[in-house]
Amino acid sequence: MIIRRANKDDASEVLRLIQELADYERAPDAVEASEADLIATLFTEEPRVFCDLVEVDDHGTPRVVGMALWFLNYSTWQGKHGIYLEDLFVRPEFRGRGFGKALLVHLARICMDQGYGRLQWWVLDWNTPAIDFYKSIGAEAMDEWTVFRVSGKALADLADS
């Protein structure tokens, strides 16, 4: 197993992983991103979002089995950047082999190496296997916080107000 930064040649594979994640999260029609969108955001000269891939050797051919897609956030209370993990996904047939944990360890090491104060993410409340896994590695649920979002027409209306 290796973990490596995705590159432009991986754009179609990253998009497939995103779609597989959307399927798993019961939102198969929610993916609007295109390969061109990923190339324009992930693989620029100064990217603001990053994707790391887990690869295994499949009879002499590298095979991508999972990803962590992330970006920097900031804590005013800590006065430090952190990593916000947008998507962590391991293909179902490869779960239970330590690939998800390896990606989280990888991100935790980036945090430590860069002096970042935290690694955080959201998980759907029905995703008990993921919640149990996250708790097993020491992650804490932030139950006192409620996530808000403005998008689509509401975002356009807010911008026009």
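The values are calculated or read from the model by the stated rules, or taken from the named source; none is laboratory data. If you're wondering where the values come from, they're calculated on a predicted model, not measured in any experiment. Cβ: placed from backbone, ideal geometry, glycine included. Neighbour counts: every protein chain shown.
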Task: Verdict on Tyr74 being farther than 25 Å from Gly152 by Cβ, modelled with pLDDT of 95 or more and part of a loop (DSSP other than H, G, I, E, B) - done: no
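Report yes if Lys135 is assigned to a helix (DSSP H, G or I) and surrounded by fewer than 10 Cβ atoms within 10 Å (Cβ to Cβ), otherwise no. Show your work before the answer.
Values: assigned to a helix (DSSP H, G or I): yes; surrounded by fewer than 10 Cβ atoms within 10 Å (Cβ to Cβ): no.
For Lys135, the condition - assigned to a helix (DSSP H, G or I) and surrounded by fewer than 10 Cβ atoms within 10 Å (Cβ to Cβ) - is not met.
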Open item on the list: Within segment 75-82, does at least one residue satisfy the condition of being closer than 17 Å to Ile3 by Cα and either within 14 Å of the chain's Cα centre (by Cα) or surrounded by 14 or more Cβ atoms within 10 Å (Cβ to Cβ) (or both)?
Closed with: no
TODO: Quickly run through segment 112-132 and pick out the residues that are among the hydrophobic types (A, V, I, L, M, F, W, C), within 16 Å of the chain's Cα centre (by Cα) and in a loop (DSSP other than H, G, I, E, B).
DONE: Trp122, Val123, Leu124
Task: Leading residue by the ranking (surrounded by the most Cβ atoms within 10 Å (Cβ to Cβ)) among those in segment 1-35 that are more than 15 Å from the chain's Cα centre (by Cα) and in contact (Cβ under 8 Å) with a residue 24 or more places away in the chain - done: Asp10
TODO: Kindly indicate whether Gly117 is loosely packed, with under 10 Cβ neighbours inside 10 Å and under 21 Å from Leu69 (Cα atoms).
DONE: no
Task: Arg149, sole failed condition from (1) more than 20 Å from Val14 (Cβ to Cβ); (2) modelled with pLDDT of 95 or more - done: (2)
- [ ] Return the pairs, sorted by first residue and then second, in which the second residue is of a type in the set (A, V, I, L, M), the first residue lies in segment 88-99 and is in a loop (DSSP other than H, G, I, E, B), the beta carbons are less than 7 Å apart, and the residues are 6+ apart or on different chains.
- [x] Arg91/Val65
